[in-house]
Every structure is written in structure tokens, then in C-alpha cells.
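Everything on this sheet refers to the single structure shown next.
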Amino acid sequence: MDVLLAIITCPVSGLVTVGMAVTFAATRVVNLAQGDLVMVGAYTAAVVTGPAFGWRVTLALAGAAPLLVLVERLLLRRPLADPLATMLVTWGVGMALRQVAELQFTSTARSVESPVAGTVTVLTAPYPAYRLVCGLVAVAVIGLVLLAAYRTGWGLTLRAHSGIYTRAAALLQTESVQVRAQWGRDFDVLLTPTLACPPPRSGACLAEANANPGGFRLTEVQMISFTSVCNISGLPAVSLPVHTSAEGLPIGAHLIGGPWDEAVLVRLASALEELDGWPGRRPPHLT
């Protein structure tokens, strides 16, 4: 019987795991409150005793939906860029839900009337029919989710989103090899601007991100347009403040050297420093 209980419990636990996987694939959030949200649905079904069991399940789902929206809008939207922060948020939400449930219902276990009565003989031993039904329903739901994931447009979008980081990393690694191969073959040093915009005001990137957390961040993109290739490919680079804006702020020239060729950049930067004399220049408000 213990073996049978484990067999039946596995699909139910798998259903919770599938929920976490879908949540992570869609939002990149590791939801540590997944089990606690299941608890909210269970308590909803236990408290609402009037309607039929199927309606209680529907009410449980409807009751959990607003809670999920509130958590996402009020707590998760800001720290979505930080996986550790989202984990801490969902962990705290789970703790809060458990405490509220214990205060409201105490730690005494509650039960929901089984929609399937009777027992089924399995391996010469009687076993509650509702547990077998739960296991079969869990298997069916998991199967439907997998079918949707691999046979529908929604699933294609979800799988593309979930695997985009892995594929992007592999693509960047491949392209980095091709990029590094150009040095010494086509040129020795590549010259670009340091930024694709004049120097922004202090805090501009953060203000732009806070104003529209999920939107396009133009200032941030302009600041990394020419330098990000060095972070990805590992090429050495140096920024030299050889120009100034109308406000007297430095505008950098970005020199990118070949692999392991920092010495060339240091010698070139030193020579340009002697010719240009930027160490002696100061912005007008500092002079």
C-alpha cells in the first residue's frame, strides 16, 4: 500500500511541479509559494461547502486568481530582473499565507468531502477510489499541458521564451568566435564611440527603468551599444575622453583590441594622452 500511495502521490506532486515550470517559463520567476497557493485553493474548497464539488474547484481557482494578480502587480513587477529577489518575494508570500491560514483555521487539519465514494481493490487490498481518481486526473492534466506545449502556438511561444536564454548564450558564444577572428586578419584595433548618446544625467537609466519596468530602455541601450560586444566576446577595450559635448562633458572614443592584446591598447592610449592632453581638461562647472 505504501508503494501504491507513492505511485499516486507522484502525479499530484508532478502537477505542482508542472505549474512551477510553466510559471518559470512564462515569467522567469521561481515561485517558492506554489504549494502555499495550492493551499489557498484547498481552503477555499473546504470553506465553501454549499455548491457541488466541481463548482467549489472553480471557485478555488477564481479565488486564487486575484491573489496571483496582486502578488505580480504589487510585489514581483519591480524585482523581475533579479531572480534572487523574486525568489525571496515568493518565499515571503508563502510564509505570510501559511501564517494567515494558521491564524484563521488553526493548525488542525481540515478535509473536503470526497466527490468519489467507495474503495477499489488493488493488489488484494482496498484503496480509496478518490485517491486513484486524483492521480489519474493529475496525469491527464500533465498530459494536456505537455500536449499544448508541443502541439499549439501557445506552447511554441512558451517553449521559445523558456529556452531563449540558453539558445542566446550558445549563439553569442558562436558569434564571439567569429568576431574575435577579425582582429589581426582585417584590422588591429577597432574604433567606435563609447556611447551612442551624449552623457546622460546621473540616475537617468534608473528613472527610465522605474517609469516603465517592462518597456524598452532607450538610454540604457544607447549606453551599451558599442561596449557590450566586449563584455560578450571578452575582447580588451579602453575608452578615451578625447572629445567634449556642448555642456563640456567628456565624449569617449572606444578602442577595441584583439584577443589578449591589452599591451597594444595601453601603448595607443598613452600616445593619444600625450597628444590630446585631456588630463588637464575639466568640465566648466568644475573649473
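Nothing in this text is a laboratory measurement; each read-out follows from the coordinates by a stated rule. Remember, predicted model here, so these are calculated numbers, not experimental data. Positions of Cβ are generated from backbone atoms using ideal geometry, with glycine treated the same way; all protein chains shown enter the neighbour counts.
Please check which bits of the stretch 199-217 a label hung off N231 would reach, taking the label as a point 7 Å along Cα-to-C-beta and the cut-off as backbone N under 14 Å. So the set is 205-206, 217. Taking the longest Cα principal axis of the chain as reference, the axis of helix 129-151 is set at about 30 degrees. Annotation: amide H of G252 within the under-5 Å range of T194, L195, sequence separation 5 or more or interchain, hydrogens built in the peptide plane. Note on D188 and E113: the model spin-label points, each 7 Å out from Cα along the C-beta direction, lie 8.8 nm apart. Under the rule that an exposed site lies in a DSSP loop and has at most 14 other Cβ atoms within 10 Å, name the longest stretch of the chain with no GluC sites (Glu not before Pro) of that kind, not counting the sites themselves. In short, 114-246.
Shape analysis of the stretch 2-161 places it in the oblate category; the axes a ≥ b ≥ c from the Cα gyration tensor give an a/c of at least 1.5, with a/b not above b/c. Only Cα sites of the chain enter the Debye sum here, all with the same form factor; the resulting log10 I(q)/I(0) across q = 0.08, 0.12 1/Å is -0.61, -0.96, listed in q order. Once the Cα atoms are used to define both axes, helix 34-47 deviates from the longest principal axis of the chain by about 30 degrees. Projecting the Cα positions of V120, T157, L255 onto the charge dipole of the chain (unit charges on Cβ atoms of Lys, Arg, Asp and Glu, taken about the Cα centre) puts V120 furthest along the positive direction.
For the Cα atoms of the chain, what angle does the longest principal axis make with the long axis of helix 53-70, in degrees from 0 to 90, nearest 10? That helix lies at roughly 20 degrees to the long axis. If R0 is taken as 22 Å, the Cβ-Cβ distance between I224 and V264 corresponds to a FRET efficiency of 0.40.
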